[in-house]
Each structure stands twice: as structure tokens, then as C-alpha cells.
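Asks: One structure coming up, written as C-alpha cells, with questions to follow.
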Amino acid sequence: MHPPRSPSPSFVRPADRAEIPELSTLIAAAFAPFEGKVPAIPFGLYVEDSCNIGERWDEAEILVAVSGGRIAGTVTFYSDASREQLGLPADWSGFRTLAVHPAMRRRGLGRLLVEECIAKARRLGSPAVGIHTAAFMESACRLYRAQGFVRCPEYDLLASSLYDFDRAAGDVSVIAYRRDLTGMS
């Protein structure tokens, strides 16, 4: 009789370009629970932009979290946060579109992806990691705060300014966080 097999460990690796369709589907599924909780126009534009991984493939590194042999999450890492064109400083690193498939949540995969981004930024010598999110993504905000990120409202934006739509359609605040890396282990 063989001992029970333990589940395969979760890990993070670079994505392969051939995985873009699968990652786009995963991102859409991860953001689907928020539909109807925010105005439709900014939400739809955000999901469309987030799923469009091919547009940022050459500007950033797309990472995936693998669990049980399957892709369960993704994040886009920027070695130069200014490349995201959201106003963050060029000497910072950054990430966006942290997404974990709903069926794979509460297993530490989001934390694993954030930790990988922080480790990459440290290896690059970045003084900070900057990110943008929205307050309605409450679990993401809790995760970021638990990982040492603090609000930096000087980099906050409005969705209408990012996606160029009429504020009358409903707007969403895009809030910024940073994690300082200098002097930290």
C-alpha cells in the first residue's frame, strides 16, 4: 500500500505566449463576481483591458501561479512601473491584473504571486513596488495591506481619465498602493 500523495506544490513561473487565451479566460472569470457592483462602463472597459495580455506582453512579464498542475492565477509584473502609464515613478517596479480563478481562491495563490513580484523588484534594486486597484476589490486591498503595502493617494486616478468615457456613466476611483523595499529584508 502506498502512502497518500500530497497535492503538488504551488509555484510561480513565466507565462508562455500560447497561454494568453487561457489567461484571458481566467482573468474574466476572476473579475466576474464584481459585475454589477460597479458601474457597467468602467467595469467592462477594465475587464477588457485586463484580459488584453497581448498588448502588454513586450512591456512587462506575465507570470502564472500553477497549482495541482494547472494554471490557477496570473499577474503582470513591470520592472519599470512607469511603463504601465499610470503615473508611477520609473525607478519603481509594479504589477497589475492580479487574478486567481474563483475555484482556486483561499489557497494562498494571490499571496504567492505578490511575493514573487516583490522578490523580482528586490532583485532589480527597485526602491518600491507600486500598484493600482479599486476599493470594491476588498480582498485584494486586504492582501496588499497584509503584504506591507500602504496607500499612496498622490497616484490615485479615475477610471474615466484612464478609459476616456463620460463620468456621467459612473466613475470608479483607481487607488494606488506602494511597498517600500529600501531598508527592508
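Asks: Considering just Cα atoms, how many Å³ per residue does the convex hull of the range 1-87 enclose?
Replies: 132
Asks: What is the angle, in °, between the Cα long axis of helix 109-124 and the longest principal axis of the Cα atoms in the chain? Nearest 10 is fine, range 0 to 90.
Replies: Once rounded, one gets 80 degrees.
Asks: Starting from 0.36 nm per residue, how many nanometres of slack lie between Arg151 and Ala40 once their C-alpha separation is accounted for?
Replies: Gain in length upon complete extension: 37.4 nm.
Asks: So what is the calculated 222 nm ellipticity per residue for the chain, using -39500 (n - 2.57) for each DSSP H run with n of 4 or more, over all residues, to the nearest 500 deg cm²/dmol?
Replies: For the chain, the value works out to -9000 deg cm²/dmol.
Asks: What spacing in nm lies between the two simple spin-label points modelled at Glu22 and Phe136, each 7 Å away from Cα in the Cβ direction?
Replies: Output for this residue pair reads 3.0 nm.
Asks: Quick one: Debye curve from the alpha-carbon atoms of the chain only, equal weights, vacuum; give me log10 I(q)/I(0) at q = 0.16, 0.18, 0.19 Å⁻¹ to two decimals.
Replies: Log10 I(q)/I(0), no solvent term: -1.00, -1.28, -1.42.
Asks: Using only Cα atoms, find the angle between the long axis of helix 40-51 and the longest principal axis of the chain, and express it within 0 to 90 degrees, rounded to the nearest 10.
Replies: Relative to the chain, helix 40-51 is tipped by roughly 50 degrees.
Asks: How would Cys51, Cys152 line up from fewest to most surrounding beta-carbon atoms within 10 angstrom?
Replies: Cys152, Cys51
Asks: If you don't mind, another one. List Ile27, Ile175 from most exposed to least, where exposure is judged by having the fewest other Cβ atoms within 10 Å.
Replies: Ordered from fewest to most neighbouring Cβ atoms within 10 Å, Ile27, Ile175 come out as Ile175, Ile27.
Asks: With a sphere of radius 14 Å drawn around the Cβ of Val150, what net charge do the other residues whose Cβ falls strictly inside it have (Lys, Arg +1; Asp, Glu -1)?
Replies: +2
Asks: Also: Which loop chymotrypsin sites (Phe, Trp or Tyr not before Pro) in the range 30-97, with loop taken from DSSP, have no more than 15 other Cβ atoms within 10 angstrom of their Cβ?
Replies: Here the sparse-neighbourhood loop sites are Trp57.
Asks: How high is the relative contact order of the chain, given as a whole-number percent (alpha carbon pairs under 8 Å, six or more residues apart)?
Replies: Averaging sequence separation for qualifying contacts and normalising by length gives 21 percent for the chain.
Taken together, the values in this text are just the output of simple stated rules run on the coordinates, not laboratory data. None of the values given here were measured: they were computed from a predicted structure. Please note: Cβ atoms are built from the backbone with ideal geometry, for glycine as well, and neighbour counts cover all protein chains shown.
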